[in-house]
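Participant: Pasting a structure below so you can have a look.
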């Protein structure tokens, strides 16, 4: 498979290593410095890990050029509705995940299950803590937002999330921490006057995210529409 890498930072380089080990070819490595080369690239699929400022432009280019795209960039989701419409209009293939780790996606399901159990118990407050490396530009992380959405879906008293502490009953606080060399840690905490319940996911390296992204790219040929990890994992 010929893979176009959109973004060649730490994640892009890890994806390249995983893809080469699995027998794939890197058609091109596109960054802000060589974007003019896009029109000359022949690829089967694009994998996009860049920044919120350029993600929508990259996704749009791929959809308009009939190139299936796997996107792991977070922080741009206010425009996700426009991208989904463009995917339909172009009869294209767009796969987005806030996190490509198999373990994290199991964690998402565990988070929703726990939220259902806690929905009727008013004695517990709930919050999310997320910790990432200092190079991560968006806060909270896309993974933390997905966790927050899973909680809001099942706990009627929570109607929105906020980045930081909150004193409002309807707000779910998401606390973001940035520490050097931390791939990603997420903790969901329910606390009452008598005890605390926590579930957590700790990533030890970027390789799990990269392996997930490459595995999705391998699965994508022949698929159409807006796709997610639920489609891929059939969880």
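Participant: Residue 58 passes all but one of (1) modelled with pLDDT under 95; (2) surrounded by 15 or more Cβ atoms within 10 Å (Cβ to Cβ); (3) closer than 25 Å to residue 224 by Cβ; which number fails?
Facilitator: Looking at each condition in turn, residue 58 falls short on (1).
Participant: May I ask you to say which residue of 194, 126 is exposed (fewer than 15 other Cβ atoms within 10 Å of the Cβ) and either modelled with pLDDT of 95 or more or touching a helix residue (DSSP H, G or I) at 6+ places or on another chain (Cβ under 7 Å) (or both)? Steps first, answer last, please.
Facilitator: Values: 126 fails: exposed (fewer than 15 other Cβ atoms within 10 Å of the Cβ).
194 is the lone residue from the list that is exposed (fewer than 15 other Cβ atoms within 10 Å of the Cβ) and either modelled with pLDDT of 95 or more or touching a helix residue (DSSP H, G or I) at 6+ places or on another chain (Cβ under 7 Å) (or both).
Participant: Is it the case that residue 140 is outside any helix (DSSP H, G or I), outside the structural domain of residue 61 (by TED's automatic domain parsing) and surrounded by fewer than 18 Cβ atoms within 10 Å (Cβ to Cβ)? Give the steps one after another, and end with the answer.
Facilitator: Working: outside any helix (DSSP H, G or I): yes; outside the structural domain of residue 61 (by TED's automatic domain parsing): yes; surrounded by fewer than 18 Cβ atoms within 10 Å (Cβ to Cβ): no.
No.
Participant: Identify all residues within region 80-120 that are touching a residue at least 60 places away in the same chain (Cβ under 8 Å) and assigned to a loop (DSSP other than H, G, I, E, B); write none if there are none.
Facilitator: 91, 92, 97, 99, 100, 101
Participant: Among the residues of region 155-170, are any loosely packed, with under 12 Cβ neighbours inside 10 Å, under 26 Å from residue 51 (Cα atoms) and within 18 Å of the chain's Cα centre (by Cα)?
Facilitator: No - not one qualifying residue is present in region 155-170.
Participant: Within region 21-34, how many residues turn out to be under 14 Å from residue 1 (Cβ atoms) and in contact with a strand residue (DSSP E or B) (Cβ under 7 Å, 6 or more places away or on another chain)?
Facilitator: Of all residues in region 21-34, those under 14 Å from residue 1 (Cβ atoms) come to 21-28.
Next, from what is left, pick out any that are in contact with a strand residue (DSSP E or B) (Cβ under 7 Å, 6 or more places away or on another chain): 24-28.
Residues in region 21-34 being under 14 Å from residue 1 (Cβ atoms) and in contact with a strand residue (DSSP E or B) (Cβ under 7 Å, 6 or more places away or on another chain): 5 in total.
Participant: Just checking, which of 86, 110 is more than 20 Å from residue 220 (Cα to Cα) and modelled with pLDDT of 95 or more?
Facilitator: On the way: 86 fails: more than 20 Å from residue 220 (Cα to Cα).
Exactly one residue qualifies, and that residue is 110.
Participant: To continue, here is another question. Check residue 41 against each of (1) at pLDDT 95 or above; (2) in contact with a strand residue (DSSP E or B) (Cβ under 6 Å, 6 or more places away or on another chain) and name the one condition it does not meet.
Facilitator: (1)
Participant: What's the number of the condition residue 42 fails, among (1) surrounded by fewer than 16 Cβ atoms within 10 Å (Cβ to Cβ); (2) under 23 Å from the mean Cα position of the chain (by Cα); (3) in a loop (DSSP other than H, G, I, E, B)?
Facilitator: Checking residue 42 against (1) surrounded by fewer than 16 Cβ atoms within 10 Å (Cβ to Cβ); (2) under 23 Å from the mean Cα position of the chain (by Cα); (3) in a loop (DSSP other than H, G, I, E, B), the one that fails is (2).
The values are calculated or read from the model by the stated rules, or taken from the named source; none is laboratory data. Nothing here was measured: the structure is a model prediction, and the numbers come from that model. Every residue, glycine as well, gets a Cβ built from its backbone with ideal geometry; the counts of neighbours run over all protein chains shown.
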